[in-house]
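The values are calculated or read from the model by the stated rules, or taken from the named source; none is laboratory data. Just so it is clear, the structure is predicted and the values come from calculations on it, not from any experiment. FYI the Cβ positions are ideal-geometry reconstructions off the backbone, even for glycines, and counts take in every protein chain you see. Just so you know, the surface numbers come from the protein's heavy atoms only, side chains and all, with ligands and any DNA or RNA stripped out. Shrake-Rupley method; radii C 1.70, N 1.55, O 1.52, S 1.80 Å.
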Amino acid sequence: MTIGAGFVVGVIGFAIAYFTVDIPDPNAYVNSQATVIQYADGSEVGRIGAQNRTIVPLANIPIHLRHAVLAAENKSFYTDRAISPIGILRAVINNLRGGSLQGGSTITQQYAKTAFLTPDRTIKRKIKELVISIKLESQFSKDQILENYLNTIYFGRGAYGVETGAQVYFGRSVDQLTIEQAVVLASILRSPGYYDPYYKKGNLERLQGRYQYVIKGLLDKKWISKERATRAQANFPQVKPRLSTGQLAGPKGYLVQSVQSELNALGFTDDQLMIGGLIVKTTLEKDAQTAAVDAVDSQAPKNAPDNLHIGLVSIRPGTGEIVAMYGGKDYLVRQLNDATQSITQAGSTFKPFALVAALEQGISLATIWNGDSPKIINDAIGRPYEISNYGDKSFGDLPLLKATANSVNTVYVPLGMKVGPEKVVDVARRAGIPETVAMVPTPSVVLGVSSPHVLDVANAFAPFAANGIKSTPFLVSEVLGANKGLLYQSKITNEQVFDPTVMADLDYALGEVVRAGTASAALRGFGRPAAGKTGTSQQNASAWFSGYTPQLATSVAFFRDDA
């Protein structure tokens, strides 16, 4: 009576579960993919998303991989029902004996468990798994379930689905896998932590054993000839080593973070980016980005203190496209982008703004100024203000052109006072220094006591290279949906902020900085005409160089967290 009553209660409970548990939308999970970020040429920068996954249709998954997975996990999948009563009975017996909760799962059950359920190992979750499995097979064909399963299953190494699994273990697309490679992939999916040969000691031997088991399964089902099976058994393929770093490790993480921030500002939510399968084409150019990272790696001071930070941004004048960015050495170590988020005093990088103000007021490069050091001048309300040159060097009387080339403070502060500190601030704002950067119209504004981002300075120098045209900087050029439909396309926004004749004089003066002034080392290293300005702040708190050609404007800054 008790057994019969228990049976009736169990049947009623299962019936209630059947009518109350719904299948979540399979497409909402299976079609959830990482957002792929691309360079301008279409090659991949990185990804945003909880799961590293690329969906492929069943027709593009080679038959030998499908057969290998079936041989490994569920040989009779196409003739089985959704659940395996024998497997469940075996699991119940194991559980009654005190073993762990387990199930002899069919592929349908595995898909239900992976796609729709939490990883808890409880009776309630197991019942849900069975209900969802039964409902799946009543609503979807075997091919649809297998396709969803193959695009869902976890292969370790952060890879979900056979396409990404093929990439991380063999460096190729799923449709390029050999039979041997397909067998390895099918062998690993049962328990990546137990079979990935690079994960821990003993895994290789276990994988090789399971590899032979899967080949035998293929042979038993006549999915492979005896001759081909023998050849496969003798040719265990080479597996790529595990990557020791994460998706956001190294300088690349700063690019991904910056693109994600811009996408958020454009209205794309984090949920869309995590599971939407978007393709984001950026303005970043692969060769330029590689050159930027190589430059920092090769030219940064050796044995520098750990808190030395370097930020670099390159912008295309006239368009605002950011073509390269260096935000730091390793995003996983420091999540503050030294190109777009850190701030540091701009130093003499601000002197060109005073020079533009002077040129706009008719003060020529040939005017003579006194460059002795130190010097005391009075500010706008008569208070004394002492200034000195770098190294306290005196230059005597010299033309403004030469004072620019040598970054003479004792010329530029009086120049700023003559044109009006408020005019210097106005030029800086027109050039692109944003309102968020505080600038006070005092004698010191010319010396760059304000603290902008490296991006701000690169953007403010870009109009100098574009005949006075200012552009809004941006990283995202277009966004495509999972179905390749266009969701967003950038628009270049330009404004003529300076007269081209003023820019011609400025370019000549800043060209002299590179030809024979404080930035002559740049000419030796660059080997072609360029213009720019060095920037050293008080007591060497920061050091800058911002330079440009007609094709590119770049700013780089060195700074530390303390004095």
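Quick check, is Asp220 surrounded by fewer than 17 Cβ atoms within 10 Å (Cβ to Cβ) and under 24 Å from Pro57 (Cβ atoms)? The answer is no for Asp220. Could you please find all residues in the stretch 172-187 being assigned to a helix (DSSP H, G or I) and in contact with an Asp or Glu (Cβ under 7 Å, 6 or more places away or on another chain)? Correct list: Val174 only. Take the conditions over 30 Å from Val184 (Cα atoms), among the charged types (D, E, K, R) and assigned to a strand (DSSP E or B) and apply them to Lys302. Does it pass? Considered against the rule, which asks whether it is over 30 Å from Val184 (Cα atoms), among the charged types (D, E, K, R) and assigned to a strand (DSSP E or B), Lys302 comes out as no. Scoring Ile132 on the criteria (1) touching a Leu at 6+ places or on another chain (Cβ under 9 Å); (2) part of a loop (DSSP other than H, G, I, E, B); (3) among the β-branched types (Val, Ile, Thr) leaves a single failure, condition (2). If you filter the stretch 446-455 down to residues that are outside any loop (DSSP other than H, G, I, E, B) and at pLDDT 95 or above, you find that the one that is least open to solvent (accessible area, probe 1.4 Å) is Val454. Going through (1) open to solvent by 30 Å² or more (accessible area, probe 1.4 Å); (2) in contact (Cβ under 8 Å) with a residue 12 or more places away in the chain one by one, Gly267 falls short only on (2). Return a yes/no flag: does the stretch 232-245 have any residue that is in a helix (DSSP H, G or I) and surrounded by 19 or more Cβ atoms within 10 Å (Cβ to Cβ). The answer is yes; a qualifying residue exists.
Annotation: Arg528 fulfils all but one of (1) surrounded by fewer than 19 Cβ atoms within 10 Å (Cβ to Cβ); (2) in a strand (DSSP E or B); the unmet one is (2). Against the test of being among the small types (Gly, Ala, Ser) and in contact with a His (Cβ under 8 Å, 6 or more places away or on another chain), the options Ser342, Ser407, Ser364 yield a single qualifying residue, Ser342.
The lone criterion from (1) open to solvent by 30 Å² or more (accessible area, probe 1.4 Å); (2) in contact with a Gly (Cβ under 6 Å, 6 or more places away or on another chain) left unmet by Leu185 is number (1).
Here the stretch 246-264 is the region considered, the condition is being in contact with a Lys or Arg (Cβ under 9 Å, 6 or more places away or on another chain) and more than 19 Å from Tyr169 (Cβ to Cβ), and the residue that is surrounded by the fewest Cβ atoms within 10 Å (Cβ to Cβ) is Gly250.
For the stretch 153-163, residues that are assigned to a helix (DSSP H, G or I) and either free of Cβ contacts under 8 Å to residues at least 40 places away in the same chain or open to solvent by 10 Å² or more (accessible area, probe 1.4 Å) (or both) total 1.
Got at least one residue in the stretch 281-294 being open to solvent by less than 70 Å² (accessible area, probe 1.4 Å), touching a strand residue (DSSP E or B) at 6+ places or on another chain (Cβ under 7 Å) and closer than 15 Å to Ala34 by Cα? Yes; the residues of the stretch 281-294 include at least one that is open to solvent by less than 70 Å² (accessible area, probe 1.4 Å), touching a strand residue (DSSP E or B) at 6+ places or on another chain (Cβ under 7 Å) and closer than 15 Å to Ala34 by Cα. Against the numbered list (1) surrounded by fewer than 21 Cβ atoms within 10 Å (Cβ to Cβ); (2) of a type outside the set (A, V, I, L, M, F, W, C); (3) assigned to a helix (DSSP H, G or I), Tyr169 comes up short only at (1). Lys351 fulfils the conditions (1) at pLDDT below 95; (2) in a helix (DSSP H, G or I) except for a single criterion, (1).
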